[in-house]
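Written below as structure tokens is the structure these notes are about.
Every number here is computed from the coordinates shown, using simple stated rules; none is lab data. Since this is a predicted model, take the numbers as computed values, not measurements. Every residue, glycine as well, gets a Cβ built from its backbone with ideal geometry; the counts of neighbours run over all protein chains shown.
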Amino acid sequence: MKKELILQLRSSFEEAAYEENGIEYWLARDLQELLGYSDWRNFLNAVNKAKDSCRNSQIDPDYHFVDVNKTIKLPKNASREVDDIMLTRYACYLIAQNGDPRKEQIAFAQSYFALQTRKQELLEERIELIERVAAREKLIATETELSKNIYERGVDNEGFGRIRSKGDKALFGGYTTLQMKKKLNIPENRPLADFLPTITIKAKDLATEITNFNVKKKDLFGENPIESEHVKNNQDVRDLLAKSNIKPEELPPEVDIKKLQRKVKSEDKNILKDAKKLKGKE
């Protein structure tokens, strides 16, 4: 495929995209022309095959193929409404995959939407990764604040450890910190939270924040009353999760947070290098 045609097709596909509330989409009638289909009914065959592919991947097609109406202009200032479909990038990719790759437009679309979809996946993956790292760092800060707060109220480091462990037992439905580590195959010398999913990390943080707040508000002193407060708060958070049918002890472990932190730093360095290279070319 000639470079000029590739640039032309790329421009056409990007210009055909719409955006609403931060969501990018294409209209099927526009994509029909871009892919070289002259007949709407023939194009709908490709759309239906794409929906089947979506279902076979255990993905609900209703999220990616949305039926809408579109007004088209007719001669003498007349107009009429026709059926149309809002398509996500993934839907466009599936339609292209079910087209004839011998057609230049479809061969281009297959590569274009595959690459764009992969970029979106990588972006979403990085956002989730950064969110988990941020949640873990927030929990460390909150627990550090609690440790300092209760130290001034007669609780030493060992007492803080016992309070935190009792809180874990309430949050994880009777499993102690050590039992959760064994359940999730986590080394005993590593913090449990380094291997928890984001939602559980945030749950621990919320319970600890409430404990911090109430220790000061109620002017609690000594290990026993502070422990009771922390256990209650973890139980309350567990009850809140249960309303959404979430049981923290049943969630699978995540990748070691330390590895994710190194990955983020490495990616940030690469981004910085690329930015410097780009700046050098200006």
For a footprinting-style exposure proxy, rank Tyr175, Tyr151 by other Cβ within 10 Å, fewest first.
-> Tyr151, Tyr175
Hull surface divided by four, with the convex hull built on the Cα atoms of the range 3-99: how many nm²?
-> 7.6 nm²
Paramagnetic reach from Asp219 (point 7 Å along Cα→Cβ, amide N under 17 Å) across the range 137-175 | 150, 152-154
Would you list Ile130, Ile186, Ile85, Ile201 from fewest to most Cβ contacts within 10 Å?
-> Ile130, Ile186, Ile85, Ile201
What list of ³J(HN,Hα) values in whole Hz, one per residue of the range 246-261 in order, does the Karplus curve 6.51 cos²θ - 1.76 cosθ + 1.60 (θ = phi - 60°) give from phi, with Gly and Pro shown as x?
-> 10, 10, x, 6, 9, 6, x, x, 9, 4, 3, 4, 5, 5, 5, 4
Aspartates and glutamates within cross-link reach of Lys182: Cα-Cα under 17 Å, excluding same-chain residues under 8 positions apart?
-> Asp168, Asp194, Glu249, Glu250, Glu254, Asp256
Put in order of increasing Cβ neighbours within 10 Å, starting from the fewest, Cys54, Cys92 give Cys54, Cys92
Please report Rg over Rh for the range 127-281, where both radii come from the alpha carbon positions and Rh follows the Kirkwood definition.
-> 1.07
